[in-house]
1. Just for segment 79-94: of the residues that are among the β-branched types (Val, Ile, Thr) and assigned to a strand (DSSP E or B), which one is surrounded by the fewest Cβ atoms within 10 Å (Cβ to Cβ)?
2. Would you mind finding the one in ARG14, ARG23 that is in a helix (DSSP H, G or I), over 15 Å from ALA100 (Cα atoms) and of a type outside the set (Val, Ile, Thr)?
3. Within segment 63-71, can one find any residue that is touching a strand residue (DSSP E or B) at 6+ places or on another chain (Cβ under 7 Å), within 13 Å of LEU36 (Cα to Cα) and in a strand (DSSP E or B)?
4. Can you report the number of residues in segment 101-113 which are under 12 Å from the mean Cα position of the chain (by Cα) and open to solvent by less than 60 Å² (accessible area, probe 1.4 Å)?
Amino acid sequence: MTSMLNAYNVYEDRCPTRLLLDRLADKWALLILDRLQEGPVRFNRLRRDIKGISQKVLSQTLKKLERDGLVSRAVFATVPVTVEYSLTPLGQTLNETVSAFAHWAERNMDAVLAAQRAYDEAGAA
């Protein structure tokens, strides 16, 4: 019997894990998943919190994350209709990884910028 760990190989070009990695490597998906760690959030709150994301991209990304089983959508019969998004139990398994990755960029941005400058200067010489 083959275990699930051996059933997929991310290094194979036709492995479905590649599609999931594409989704998770998307900056908008990471930011949405990170923001939802705090609990359910309304659509418009997400849009305000994640600067630069368009309504269309937010909607598309949420639908993809919902399809992947990482995000759930709850609709409340209010006027106007209220929609909240939250992490599913599967999505919550990504909390530590998503947070580490997203906030690593904040902590290390100065070092990355310095490395880019050094690289560019060496290339110009």
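The values are calculated or read from the model by the stated rules, or taken from the named source; none is laboratory data. Computed from a predicted structure; not experimentally measured. FYI the Cβ positions are ideal-geometry reconstructions off the backbone, even for glycines, and counts take in every protein chain you see. When the accessible area is computed, the model is the full protein with side chains, heavy atoms only, and any ligands, DNA or RNA have been set aside. Shrake-Rupley method; radii C 1.70, N 1.55, O 1.52, S 1.80 Å.
1. Step by step, filter segment 79-94, then rank; the result is THR82.
2. Unique residue meeting the criteria: ARG23.
3. yes
4. 1
To keep it simple, each residue is scored yes or no on (1) exposed (fewer than 13 other Cβ atoms within 10 Å of the Cβ); (2) farther than 12 Å from GLY91 by Cα; (3) in contact with a helix residue (DSSP H, G or I) (Cβ under 9 Å, 6 or more places away or on another chain); (4) in contact (Cβ under 8 Å) with a residue 40 or more places away in the chain.
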{"site": "LEU36", "(1), (2), (3), (4)": "no, no, yes, yes"}
{"site": "VAL41", "(1), (2), (3), (4)": "no, yes, yes, yes"}
{"site": "LYS51", "(1), (2), (3), (4)": "yes, yes, no, no"}
{"site": "SER54", "(1), (2), (3), (4)": "yes, yes, yes, no"}
{"site": "THR61", "(1), (2), (3), (4)": "no, yes, yes, no"}
{"site": "LEU65", "(1), (2), (3), (4)": "no, no, yes, yes"}
{"site": "ASP68", "(1), (2), (3), (4)": "no, no, yes, yes"}
